[in-house]
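Working notes, beginning with the structure itself.
Every number here is computed from the coordinates shown, using simple stated rules; none is lab data. Note that this is a predicted model, so its numbers are computed, not measured. So basically every Cβ, Gly included, is an ideal-geometry build from the backbone, and we count neighbours across all protein chains shown.
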There are 2 protein chains.
Amino acid sequence: MKKAVILLSGGLDSSTTLYYAKSKGYSCHCLIFDYGQRHKREIKSAKGIAKKANCESQVVKIQLPHKGSSLLDNSIAIPKNRDAARFKKGIPSTYVPGRNIIFLSFAVSYAEAIGAGAIFIGANAIDYSGYPDCRPEFFEAFKKVINTGTKVGSKRPSRGSRLGVKAPLILKSKADIVRLARRLKVPIELTWSCYKGGETPCRVCDSCILRAKGFKDAGLVDKYNG
Amino acid sequence: MKKAVILLSGGLDSSTTLYYAKSKGYSCHCLIFDYGQRHKREIKSAKGIAKKANCESQVVKIQLPHKGSSLLDNSIAIPKNRDAARFKKGIPSTYVPGRNIIFLSFAVSYAEAIGAGAIFIGANAIDYSGYPDCRPEFFEAFKKVINTGTKVGSKRPSRGSRLGVKAPLILKSKADIVRLARRLKVPIELTWSCYKGGETPCRVCDSCILRAKGFKDAGLVDKYNG
């Protein structure tokens, strides 16, 4: 059975990506990151979702050498009640410098060690917060890093790399992702999106707003926000 | 004063790179990685060298999700008494999948958070063990990741990125590096290269062999091996 490494945050997008990879016949190995995020409770969600999907998971604890993001530093306010249509106009304080570069670098290391042929990431460049490391051009550049900087990538380059990065949601709207999640029977009620990580979703952070927009546009009810 | 992030392992090459960056007028912020390496004692050397250079340093503890290298797994033998001329013919068991990708990804995150304009890495593609993530083409690919995946890189792309990756030793021979270290007054006696990490250098691992070759070719005596 072909193996894949899945970057699983416990949110709607990465959980849908896990189920998508499963539907494509991959044996999925999930990496869950504990990187000092405010919304640490997403880790619990991620573990629960991996278990529900009958997939192996590992929590990787990362100690970032700085606190340069409102997701890392409680003294910086998380933007609220922003207009989703304007999210792409700038990069908000929730941006964590280099986060997807770090997550992918661990995924590459793990994939090479266990002989996985693909890394799946739930990044989206349509209904998103404008993070540069969620855009197609970033993933294209990262593939070249794999092709030049790893053992698996630098072998037989003429036949293409044997380790790919797949971002199946990259050009989908949030409504499309919600529909796909339903179709794939993702346990949506177990996912966690809110940046604040309180007892219940705050419903005003960018992540809650995008999620609500997706369900509304899809004409479906989200038990999470219900 | 312009800031730089330095990847400092405590070996001869990264220490020389630190002193090189200092000589170019950078205020240096060193990242030292504790990634489960056998030769953990290099961390002590790195801390001592950063202190000697009057530079800030941080030890970043990384928990890799696997043990796929003889540098991580004590049950795998470290190659010994190999012929340095043949090192480039294959990738040895000491290769740690994705190591420089991971180290650089933390450096990017840190550089962006503190507003550094450069990342320095002591990689070398001449007298080296054949690791793919030490070659010029890998660093070129990684620069594109910075240009597409970060806030600092994606601003003003027409004027070039404001965060560069510099590998000043990349095309130098080990003898040239030894000479440069002497000229820059690197505290060579504090550096540690041996993969085994014992009380004294083993003198038979690839790293000890390359170091000895460098001093021999430069016609200098290495107190480390003396």
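Here are some notes:
- Going from the residue with the fewest nearby Cβ atoms within 10 Å to the one with the most, A:191, B:200, B:16 rank B:200, A:191, B:16.
- Rounded to whole numbers, the Karplus 3J(HN,Hα) couplings from phi for the range A:29-35 are 10, 8, 10, 10, 9, 9, 10 Hz, using 6.51 cos²θ - 1.76 cosθ + 1.60 with θ = phi - 60°, and x at Gly and Pro.
- Tail weight of P(r) past 26 Å, computed on alpha-carbon pairs of chain B, percent: 33
- Backbone geometry of the range A:216-223 corresponds, through the Karplus equation with coefficients 6.51, -1.76 and 1.60 at θ = phi - 60°, to 3J(HN,Hα) couplings of 4, 5, 7, x, 10, 9, 9, 4 Hz, x marking Gly and Pro.
- Placed amide H near residue B:118: partners under 5 Å, 5+ positions off or other chain: B:5, B:164
- Nonlocal amide H pairs with residue A:30, under 5 Å, H built at 1.01 Å: A:6, A:56, A:57, A:58
- Choice from A:18, A:72, A:64 with maximal GNM fluctuation in chain A (Cα, 10 Å cutoff): A:64
- For the protein assembly as shown, the dipole from Cβ point charges (+1 on Lys and Arg, -1 on Asp and Glu) about the Cα centre works out to 340 debye, to the nearest 20.
- Between the range B:166-212 and the range A:161-226, the alpha-carbon centres lie 50 Å apart.
- Phi to ³J(HN,Hα) by Karplus 6.51 cos²θ - 1.76 cosθ + 1.60 over the range A:106-120, Hz, x for Gly, Pro: 5, 4, 4, 4, 5, 4, 5, 5, 9, x, 7, x, 8, 10, 10
- Here the contact order of chain A, divided by its residue count and restricted to Cα pairs under 8 Å and six or more residues apart, works out to 25 percent.
- Computed from point charges on the beta carbon alone (+1 for Lys and Arg, -1 for Asp and Glu), the dipole magnitude for chain B about its Cα centre is near 480 Debye.
- The range A:117-226: radius of gyration over Cα atoms, expressed as a fraction of 2.2 N^0.38 Å: 1.30
- Cβ-vector label at 7 Å, residue A:54, separations to other copies in nm: 6.4
- Acute angle (nearest 10 degrees) that the helix B:136-149 long axis makes with the longest principal axis of chain B, alpha-carbon atoms: 30
- Of the trypsin sites (Lys or Arg not before Pro) found in the range A:12-83, those that fall in a DSSP loop while having at most 16 other beta-carbon atoms within 10 Å are A:24, A:40, A:67, A:82.
- Counting only alpha carbon atoms, the long axis of helix A:174-183 and the longest principal axis of chain A meet at about 70°.
- Inter-copy label distances at residue A:24 (7 Å, Cα→Cβ; nm, one decimal): 3.9
- For the rotation that carries chain B onto chain A, the axis lies closest to a Cβ at B:105, 2, where the number is the distance in whole Å.
- Cα extents of the range A:4-45 along the three principal axes, largest first (Å): 34, 16, 12
- The calculated P(r) of the range B:24-157, using every Cα pair and 10 Å bins from 0, goes 10, 34, 38, 16, 2, 0 in percent.
- Between the range B:79-136 and the range A:122-156, the C-alpha centres lie 20 angstrom from each other.
- Percentage, to the nearest whole number, of Cα pairs in the protein assembly as shown over 42 Å apart: 17
- With 31 Å as the limit, the listed pairs A:144/A:223; B:24/B:61; A:185/B:143; A:2/A:88; A:3/B:3; A:3/A:213 have A:144/A:223; A:185/B:143; A:2/A:88; A:3/B:3; A:3/A:213 beyond it between alpha carbons.
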